[in-house]
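Single-structure report; data block below.
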Ligand SMILES: [Zn+2]
């Protein structure tokens, strides 16, 4: 996830929060007493123009063989995520998205046709998607017009009685999206830049420009077909299928499943270039594709050159790189912000200016090393294995933060033991546990630096060999899925043979941590 500020306990301010004119640091002044994304509790009992589906006549008495038509009950419009109860829908499992946008870059608007192929529980007669801030013009199910309604931040589509479990919803709309503040107090969604745009969807920004099942538990494959004016570049996740500069849309295909919050979509005056390939420890070729401001590859190459070193270092500790590709994208996003968009991390070019370093001869600075390592580590922790709920955010951030400190220790910009001791000191008081974040804390200290202390304590509790085996086992056995903290704890029990119940109660689920790390 993005890091808006990086402050070590030693008091060294290594990054300002953000650009001075960006409203990132504006706190939420109104306490969130009720979830902002309260799910719709009133079901649509009488959808317009749609007769209640009838069960087909059948003579069979065996329930398992009855082929019922589309169900007779309305769907729930939220997954009841503890932090974002309205996101996602329990009856919907998206298989793939086809995102076709025709973008007016100058106006910051687009016309869209989006295909959402999904398995929808046949006991419900509706398909609910998250959609906020734009008006849908037309919805088709399997090619036929379907009644729909937009209620709050939900798009409710009536499904034909004879539709099967797998449906294709084709949604036509136009949007002039803009970033909006998420309930966590950070902007999310579609951001306009000079001559382009980018998206930053975590945690609930995708629905602001894309009708989707906007929850990390639902992974799908993706195809992006983005039409922009001549001379404008588009970068999205996955493989470049068609270069738009040769005519037609830019087409990117992501064949590995990923949730909405990891979508990478950058438009603007950039160069996309092939960075060669790395060979994983399991022999896989990891294709590298990078994005830099047009004509400035040479300026950013020194940062790109860090990737193979960090890649090798993390593979030794966390197991083989778990995805098919990687790359770095240096774009016109807000300074101080970075995001682990799957397979191609997003960085602000303003954090990687030579002037921020001094000159070409100076080493890459602390913040730059931190950001590069943190987002690469997320490809293991968060992307290969994603959180099942937003309460499981420590599985992303605490591990990526710990990984960043491992790397910073490796290159001697940090002494890991000293850093962890100082961070532990800061965890002696507090009112939020790393394992049960609030909306205000999920991207705060207890998930990042304060959470890395929990990971370090686990390492000391079980020993290096068991610890790194556990991390590699976690990734190796769960890549492509979304998992809970409970599943991690269970695996920790199984792989270490140690009863860690008291450990996690004391470290992960306690607001104030012990004064001392477990003794080695
Ligand atoms: Zn992060």
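Taken together, the values in this text are just the output of simple stated rules run on the coordinates, not laboratory data. Computed from a prediction, not measured in an experiment: that's the story for all the values here. Here Cβ is always computed from backbone atoms with ideal geometry, including for glycine, and neighbour counts include all displayed protein chains.
Looking only at region 431-453, decide whether some residue is assigned to a helix (DSSP H, G or I) and over 22 Å from the mean Cα position of the chain (by Cα). Yes, region 431-453 contains a residue that is assigned to a helix (DSSP H, G or I) and over 22 Å from the mean Cα position of the chain (by Cα).
Is at least one residue of region 89-97 part of a loop (DSSP other than H, G, I, E, B), touching a residue at least 60 places away in the same chain (Cβ under 8 Å) and under 18 Å from the mean Cα position of the chain (by Cα)?
Scanning region 89-97 turns up at least one residue that is part of a loop (DSSP other than H, G, I, E, B), touching a residue at least 60 places away in the same chain (Cβ under 8 Å) and under 18 Å from the mean Cα position of the chain (by Cα).
A single member of 152, 86 is in contact with a strand residue (DSSP E or B) (Cβ under 9 Å, 6 or more places away or on another chain) and within 30 Å of residue 441 (Cβ to Cβ), and it is 86.
Residues are listed down the side, and each one gets a yes or a no for (1) within 20 Å of residue 484 (Cα to Cα); (2) buried (at least 21 other Cβ atoms within 10 Å of the Cβ):
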| position | (1), (2) |
| --- | --- |
| 374 | no, yes |
| 379 | yes, yes |
| 392 | yes, yes |
| 401 | yes, yes |
| 404 | no, yes |
| 408 | no, no |
| 416 | no, no |
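Taken over region 380-393, the criterion of being within 11 Å of the ligand (Cβ to nearest atom) and either within 19 Å of residue 319 (Cα to Cα) or part of a helix (DSSP H, G or I) (or both) is satisfied by 381, 382, 383. Whenever a residue of region 377-398 is closer than 13 Å to residue 451 by Cα, its partners that are within 11 Å of the ligand (Cβ to nearest atom) and in a strand (DSSP E or B), lying with C-beta atoms within less than 8 angstrom and at least six residues away or across chains, give the pairs 395/381; 396/381.
Scan region 404-426 and give yes if some residue there is within 16 Å of the ligand (Cβ to nearest atom), part of a loop (DSSP other than H, G, I, E, B) and touching a residue at least 24 places away in the same chain (Cβ under 8 Å), otherwise no. Looking for residues that are within 16 Å of the ligand (Cβ to nearest atom), part of a loop (DSSP other than H, G, I, E, B) and touching a residue at least 24 places away in the same chain (Cβ under 8 Å), one finds none in region 404-426, hence no. Scan region 306-350 for residues that are within 18 Å of residue 269 (Cα to Cα) and within 16 Å of the ligand (Cβ to nearest atom) and the total you get is 9. Only one of the numbered conditions (1) surrounded by fewer than 21 Cβ atoms within 10 Å (Cβ to Cβ); (2) away from the ligand (no atom under 14 Å from the Cβ) is violated by residue 444, and that is (2). For the condition part of a loop (DSSP other than H, G, I, E, B) and out of contact with any helix residue (DSSP H, G or I) (no Cβ under 7 Å at 6 or more places or on another chain), residue 161 qualifies.
Can you name the residue in region 473-508 that is farther than 20 Å from residue 390 by Cβ and in contact with a strand residue (DSSP E or B) (Cβ under 8 Å, 6 or more places away or on another chain) and is also surrounded by the fewest Cβ atoms within 10 Å (Cβ to Cβ) among such residues? Filtering first and then ranking leaves 479.
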